[in-house]
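Below is one structure; the comments refer to it alone.
Throughout, read-outs are computed from the coordinates displayed, never taken from laboratory work. Predicted model only: the values in this text are computed from it and were never measured. With ideal geometry, Cβ positions are generated from the backbone for all residues, glycine too; neighbour counts draw on all protein chains shown.
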Amino acid sequence: MAIIDMPEHTVPADNGEVNLLIARQVEPGHEETFEAWAHGILETAATFPDHLGYGLFRPAAEGGPWFLVHRFRDQAAFQRWQDSSERAQWFSNCLGHHHTEIARRELHGMETWFARPGTTRPAPPRWKMAVSSGLAIFPISLAGNAVLGPYLVDVHSVLRTAAFAIVFSTLMTYLAMPAVSRLLRPWLTK
């Protein structure tokens, strides 16, 4: 599956984030028209407050589904887009594009770490997500306390906690959770 658009204005995940994954089937010969329509609707959504980014993915194999991804800061931002006249206008103006929605999935919070790209498979049970997160948090906490702890011992507790939160959340988002979810994927998807 090839990424054909992933803007640089994408923002790191937030706790209340909502990610919308939509699979659309495009009739052969209408890919170019669909792609123009998809870019238009994604770029319009990106103008809405608290829209965090988007992506458009071509099919992995000829005739396969296209995937559109929207990221919103929270449920309220997502709902504003869903209920907007701008969105309704794009859908009222898609005749002749020969595409239909075949799957839709909303991911909330931690589920986004466990979603398998290119599928609409449900997230694993919450207890498996908690175990996986714990396995990622433990080594980061140990290393963080060993490395940063001695330097921050005399720093006010609020500033010390803020420093740990920034380092830990960054390492969790970009290093630990992608590695743990990839490593545990067979167990998580059982």
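Summing +1 for each Lys or Arg and -1 for each Asp or Glu, what net charge is found among the other residues whose Cβ lies under 13 Å from the Cβ of Val26?
Working: positive: Arg24, Arg58; negative: Glu27, Glu31, Glu32, Glu35, Glu62, Glu101.
Within the 13 Å Cβ shell, the charges total -4.
Here the gap between Ala146 and Ala60, fully extended at 0.36 nm per residue and compared with their Cα-Cα distance, gives a gain of 26.5 nm. Modelled this way, with points 7 Å down the Cα-to-C-beta line, the labels at Glu43 and Asp154 are 5.6 nm from one another.
Taking label positions 7 Å along the Cα-Cβ direction at both Leu183 and Val167, the computed distance is 2.0 nm, reported to one decimal. Rounded to 0.05, the FRET efficiency of the Trp127 and Trp90 pair, given R0 = 30 Å and the Cβ-Cβ distance, is 0.15.
Highest mean packing first, where packing is the average number of other Cβ atoms within 10 Å per residue, the peptides 40-46, 80-86 line up as 40-46, 80-86.
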